[in-house]
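Here is the structure we will look at, set down as structure tokens.
The values are calculated or read from the model by the stated rules, or taken from the named source; none is laboratory data. Model, not experiment: these values are computed from the prediction. Positions of Cβ are generated from backbone atoms using ideal geometry, with glycine treated the same way; all protein chains shown enter the neighbour counts.
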Amino acid sequence: MVDRAFGSLRSRRDQQASPIPSSQARRKLEGECPSGALGDLEEVKAKGLLVRNVTFKFKNGAKSTYTNFRRADAKKLAAIASALLPASSGEQTSAHGSVQLCPDCCGVLTERQYSCVGCGLTFKNEKTMVLRSIFLPAGGYFYTGHPLIAILPAIVETIFLVDVLVILSAGLASPKAAPDLFAALLGLGIFWALETAITILHCRRYVRDFIPEKRDPTRSPQGAIAKISV
């Protein structure tokens, strides 16, 4: 399983005295809890310019991407995985991929059901993401925890809203110009719809990876992780 896989990565890495990623990098994986065999992985790749991401590609074609890594941490994870994957080809599951586990109780999560039936932990959901994407500038990106990615869309959508207000004000001041202003509003509306659709499709990928809402700080998942690792 991928959680076991990282345990295997850590143990073999420690045996080889390899450098370890920082605590900041490890925290990037705490919110989501995918499970699968190390041999199910096809490759682990670090990429990105402004934001360094690490993508895990599985043999069934599925991908999981973790964002906002420090450059050095991302390179270390990719290097460790590249060294270990060839020796782990026999450690495969029948699915050749991963399933999502609850980060608190390690129960298997149901696709598009954004709460854990085992412990009641809730996750960010598609409905809220869509509403925020529609009514707030870059709201979908902020909701899914990607503020750096949200900067440019937020600026563009704020400019769009200002343009709409200017056009409406001009229409009220000069009713004769209404036909031309309607055409301008229609053009802006089409642009807004396309931009919002891209945001929703992009953020839907993040939501479907199960991003926890508020977690109970008194509930420790370590016992559950240790239990399934036996």
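Of all residues in segment 127-138, those that are of a type outside the set (D, E, K, R), modelled with pLDDT of 95 or more and farther than 16 Å from LEU194 by Cβ total 3. Residues that are small (Gly, Ala, Ser), in the same structural domain as GLU42 (by TED's automatic domain parsing) and surrounded by fewer than 19 Cβ atoms within 10 Å (Cβ to Cβ) do not occur anywhere in segment 115-131. Give the residue that is modelled with the lowest pLDDT, with candidates limited to residues of segment 162-183 that are within 20 Å of PRO137 (Cβ to Cβ) and surrounded by 13 or more Cβ atoms within 10 Å (Cβ to Cβ). Of everything passing the filter in segment 162-183, ILE167 is modelled with the lowest pLDDT.
Can you tell me which residue within segment 35-68, out of those that are among the aliphatic types (A, V, I, L, M) and part of a loop (DSSP other than H, G, I, E, B), is modelled with the highest pLDDT? Steps first, please.
Residues of segment 35-68 that are among the aliphatic types (A, V, I, L, M), as a first pass: 37-38, 41, 44, 46, 49-51, 54, 62.
From what is left, the residues that are part of a loop (DSSP other than H, G, I, E, B) are 37, 49-51, 62.
Details: ALA37: 71, LEU49: 73, LEU50: 67, VAL51: 66, ALA62: 80.
Among those residues, the one meeting the criterion is ALA62.
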